[in-house]
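Trainee: A single structure is presented below for examination.
A short reminder: the numbers here are calculations on the coordinates, not readings from a lab. On a predicted model such as this, the values are computed, not experimentally measured, just so you know. Positions of Cβ are generated from backbone atoms using ideal geometry, with glycine treated the same way; all protein chains shown enter the neighbour counts.
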Amino acid sequence: MSYRVLARAYRSNTFDEVVGQEAIATTLKNAISGDRVHHGYLFTGTRGVGKTSMARILAKALNCLSADEATTAPCLTCDSCRAVAVGEDIDVVEIDAASNTGVDNIRELRSNATLRPARSRYKVYIIDEVHMLSSGAFNALLKTLEEPPPHVKFILATTESQKVPATVQSRCQRFDFHAISTDDIAGHLDAILKMEGVKAEQAVVRRIARLGNGSMRDALSLLDKVLSYDPDHVTTEVVDELIPPAHDALAGALMTCVAEQDAAGSLAALDAALQSGRTVERFCEHLIEHVRTLMLMKVCGQDTELVDVAKSMRSDLGATAEQFDAPTYVYMVTLLEELKRNVKFSGAARSLADAAVVRLSMSRQFTDIDRILERLDEEVAPAGSAPSTGGAKKKLTPTHAAR
Ligand SMILES: [Zn+2]
């Protein structure tokens with residue numbers, strides 16, 4: 001199969017295909033069928049949530065040549081629909097404000113806007129990242145927004161609405177695009193994989209969806225990466241190669257030894273992990289993810305949605321999670337993160353890792369020492385002062401808690 005970038009190949013083409021922004025799609029459809037299409041729209045929301053797709057769908061709906069007027073169901077096959085879909089229509093002008101910040105670009109837009117559209121009903125200007133425009137450009141744009149020719153529509157898109165002047169915002173109808181839910185992203189990925197004829201493990205698809213963090217585009221580019229490894233199968237192994245897994249057998253073995261305060265066993269587990277071909281840095285990442293999983297299960301309960309763990313694994317991991325308290329997990333994550341940073345720049349990565357693992361195995365003692373010190377703090381008067389004659393009990397040092 002000749003490879004296409006998924007986010008582009010599977011961009012939604014109609015209001016009904018839009019994923020995760022159904023309310024906005026419905027409102028726009030109602031505006032079209034009620035002949036109440038505003039002359040200016042402001043689409044806000046983080047990257048990859050469908051702003052540009054929605055802008056192009058609206059442009060197609062306004063200009064589809066197969067209909068006599070704006071339609072909620074553009075045909076997708078006429079010259080206009082096809083040109084808009086790839087961002088190359090003469091009447092639907094896409095401007096990336098990030099690279100056209102100047103007032104001249106908007107002046108040019110203004111003088112063009114007075115001309116009638118070449119073949120369609122409307123001239124539609126889609127200005128992406130509109131917050132990047134200079135203040136001069138915004139002023140020029142405002143003039144057109146205040147008295148737009150009847151054949152002109154503006155669709156402004158931004159990831160940072162707070163940087164768009166209030167004067168511009170007040171001339172537009174604003175739509176806030178929300179982050180897309182993991183369920184919606186997973187459903188879309190599933191559908192795409194089916195169409196591509198790719199076999200995929202359900203848990204892995206969900207994991208990719210979750211890693212998209214509400215952005216369909218990020219999830220799709222992750223899926224692109226996975227498929228470039230193996231175009232026919234989406235498997236745990238491939239995803240583990242690219243992203244640290246939520247839990248990992250070798251990291252699990254090490255943590256079992258850590259729980260038993262068995263430093264020798266922990267060192268052997270580390271050795272086994274590195275023998276399997278992972279670098280110290282890589283194994284560190286896996287270990288951090290594993291400890292994070294245990295921490296969240298400890299704090300939020302073993303059924304928490306915040307970690308991506310198969311049902312069958314949950315009771316075992318949940319039991320392991322109980323072996324440490326939350327402060328110990330925080331200490332471990334900090335320790336491992338520091339290790340990960342240090343091994344990057346050190347010629348003695350292995351020694352640092354060995355030392356960190358021994359320290360992990362003793363973490364119970366370290367965190368207990370903190371508690372012992374705290375108790376001591378309450379009992380002992382400050383160094384150098386005369387023995388307390390009762391009354392004020394002061395802290396020895398204020399720093400222990402920060403460790
Ligand atoms: Zn059409």
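Trainee: Can you return the aspartates and glutamates within cross-link range of Lys340? Criterion is Cα-Cα under 19 Å, with same-chain partners fewer than 8 residues away left out.
Mentor: Asp240, Glu241, Asp248, Asp271, Glu281, Glu285, Glu289, Asp354
Trainee: Where a Cα-Cα gap under 15 Å defines reach, which aspartates and glutamates qualify for Lys199, not counting those fewer than 8 residues away within the same chain?
Mentor: Within reach: Asp190, Asp224, Asp230, Asp232, Glu237.
Trainee: Same structure, new question: Kindly express, to the nearest 10 degrees and within the range 0 to 90, the angle between helix 263-275's C-alpha long axis and the longest C-alpha principal axis of the chain.
Mentor: 40 degrees
Trainee: To continue, here is another question. Report the full-extension gain for the segment Val5 to Asp35: residue separation times 0.36 nm, less the Cα-Cα distance, to one decimal in nm.
Mentor: Working: separation 30, 0.36 × 30 = 10.80 nm, distance 3.60 nm.
Between Val5 and Asp35, full extension yields an extra 7.2 nm.
Trainee: Starting from the Cα gyration tensor of region 228-329, take the square roots of the eigenvalues, sort them a ≥ b ≥ c, and report rounded, prolate or oblate (rounded when a/c is under 1.5, otherwise prolate if a/b is larger than b/c, else oblate).
Mentor: Working: a/c = 2.23, a/b = 1.17, b/c = 1.90.
Note, shape of region 228-329 comes out oblate.
Trainee: Give me Ser134, Ser181 ranked fewest to most by other Cβ atoms within 10 Å of their Cβ, as a rough exposure proxy.
Mentor: Working: Ser134 16, Ser181 13.
In order of increasing Cβ crowding within 10 Å: Ser181, Ser134.
Trainee: A further question follows. Take region 182-242, drop everything but the C-alpha atoms, weight them equally and run the Debye formula without solvent; then report log10 I(q)/I(0) at 0.26, 0.29 Å⁻¹ to two decimals.
Mentor: -1.12, -1.41
Trainee: Another question, if that's okay. Note down, for the chain, the three equivalent ellipsoid semi-axes (square root of 5 times each alpha carbon gyration tensor eigenvalue), biggest first, whole angstrom. List each step's numbers first, then the result.
Mentor: Values: eigenvalues 600, 163, 65 Å².
They are 55, 29, 18 Å, listed largest first.
Trainee: If R0 is 56 Å, what FRET efficiency do you get for Thr101 and Arg375 from their C-beta distance, rounded to 0.05? Present the calculation step by step, with values, prior to reporting the outcome.
Mentor: Working: r = 61 Å, r/R0 = 1.08.
Step by step, r from the Cβ atoms, then E = 0.40.
Trainee: Quick one: helix 326-345 against the long Cα principal axis of the chain, what's the angle to the nearest 10°, folded into 0 to 90?
Mentor: Helix 326-345 sits roughly 80 degrees off the main axis of the chain.
Trainee: For a quick protection proxy, order the peptides 43-51, 355-363, 232-240 by their average other-Cβ count within 10 Å, most packed first. Show your work: numbers first, answer last.
Mentor: Details: 43-51: 22.1, 355-363: 19.6, 232-240: 16.1.
Going by the mean number of other Cβ atoms within 10 Å, highest first, we get 43-51, 355-363, 232-240.
Trainee: I've got another one for you. Using a basic spin-label model with each label point 7 Å from the Cα along Cα→Cβ, how many nm lie between Ala310 and Thr334?
Mentor: Between Ala310 and Thr334, the label points sit 3.6 nm apart.
Trainee: Enter the angle in degrees (range 0 to 90, nearest 10) between the Cα long axis of helix 249-259 and the first principal axis of the Cα atoms of the chain, meaning the one along which they spread out most.
Mentor: Here the helix axis deviates by roughly 40 degrees.
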